[in-house]
1. For the charge dipole of the chain, defined by +1 on Lys and Arg C-beta atoms and -1 on Asp and Glu C-beta atoms about the Cα centroid, which residue among L111, H241, L31 has the Cα displaced farthest towards the positive pole?
2. Describe numerically, in nm with one decimal, the distance between label points set 7 Å from Cα along Cα→Cβ at E183 and at S24.
3. Quick one: which of 116-123, 127-134 comes out on top by average Cβ neighbours within 10 Å, and what's the full order, highest first?
4. What nm distance separates the two modelled labels at S251 and Y163, each placed 7 Å from Cα along Cα→Cβ?
5. Compute, for the chain, the length of the dipole vector about the Cα centre, with Cβ point charges of +1 (Lys, Arg) and -1 (Asp, Glu) only. Units Debye, rounded to 20.
6. With each run of n ≥ 4 DSSP H residues scored as -39500 (n - 2.57), what mean residue ellipticity at 222 nm is computed for the chain after dividing by its residue count and rounding to the nearest 500 deg cm²/dmol?
7. At most 12 other Cβ atoms within 10 Å and a DSSP loop assignment: could you name the GluC sites (Glu not before Pro) in region 149-256 that fit?
8. Using Stokes-Einstein with the Kirkwood hydrodynamic radius over Cα pairs, what translational diffusion coefficient do you get for region 106-232 at 20 °C and a viscosity of 1.002 mPa s, in µm²/s rounded to a whole number?
Amino acid sequence: MTNQFILRQMEAKFNGTLKDYLESMLESDSLYQALSPLKGDDLQVLVDYPFSIHHDLISNQIIRYKDIQKVPDQSFTVPFLLYGKNAHGLEFAFILTLKETDYLWAKGLYLALTEPGSALETLKNTCIASTLEHPGNHKALQDLIAAELSAGSIQRSLDKAVYTNHDQLIDLAHQKALSLQDELKEQIPTVQEKGRVIAQAVIQWFLLKKMVYVHTMMNRNLLNGPCKGDVKQQRHLAKQHADSIQFMMYSEMWRL
């Protein structure tokens, strides 16, 4: 783990073994039921782990979502971060968001946490992301610990339960971005801490934009097919996908 990750551990809401965390809950608790199948003697968990992004990274600059600059440092939060060592003694991490509909945000968190200079950069090849409600979590964790499959292969297995191709991924991202607008129009006028709600919305849109940009750039079928092997065309397409994620302007949200 990086020094950055170790320092930020202390700022998490909970930092300890998953077993100890579960012992603080009722077995009837939905959170207990979601996490208990994942428990192991050496499995650690961070709850509400805070971090910041690197604003100067290439993908962030290309996305050019300026409102992300207005979000305070350490505003990004991972609801649950499980970590430990696999069968080969290498450290691994499992990012988990709360709701089933947050799967794409989980993937965005993975990208933000494992990019160069970030807290989990050294775990990029042993880190996966999902939601608490995903039916494949237990198998994914066991595969991650056994280290007989690559993290990328495990992640793709989780992905298949949510979307089957790149077009579906982009469509889901559009739907999520639009539904967030509808939620905010109802929520913001009713809350006292508007700034916190607005900041989280900006983060969610940013993660969607980052996720579709990076996944478009990583897609070899797009490169070898529609883009005819031209990386510049693929980069242009990735930028278009990122730009197509609709959001509300910062000032507009404050006026709600």
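1. Of the candidates, H241 comes out farthest on the positive side.
2. With each label point 7 Å from Cα toward Cβ, the separation is 2.4 nm.
3. On the way: 116-123: 18.0, 127-134: 22.9.
So the order, starting with the most tightly packed, is 127-134, 116-123.
4. Label-label distance for S251 and Y163, simple model: 3.2 nm.
5. Details: 26 positive and 29 negative charges, 192 e Å.
It comes to approximately 920 debye.
6. Numbers: 12 runs with 128 residues, N = 256.
The helix-only estimate for the chain comes to -15000 deg cm²/dmol at 222 nm.
7. Numbers: sites: E183, E186, E193, E252; in loops: E193.
Loop-located and lightly packed - E193.
8. Numbers: Rh = 16.6 Å.
The Stokes-Einstein estimate is 129 µm²/s.
Each value in this text was obtained by applying a stated rule to the coordinates, not by laboratory testing. From a predicted model like this one, the values you see are computed outputs, not experimental measurements. We place every Cβ from the backbone using ideal geometry, glycine too, and count neighbours over all the protein chains shown.
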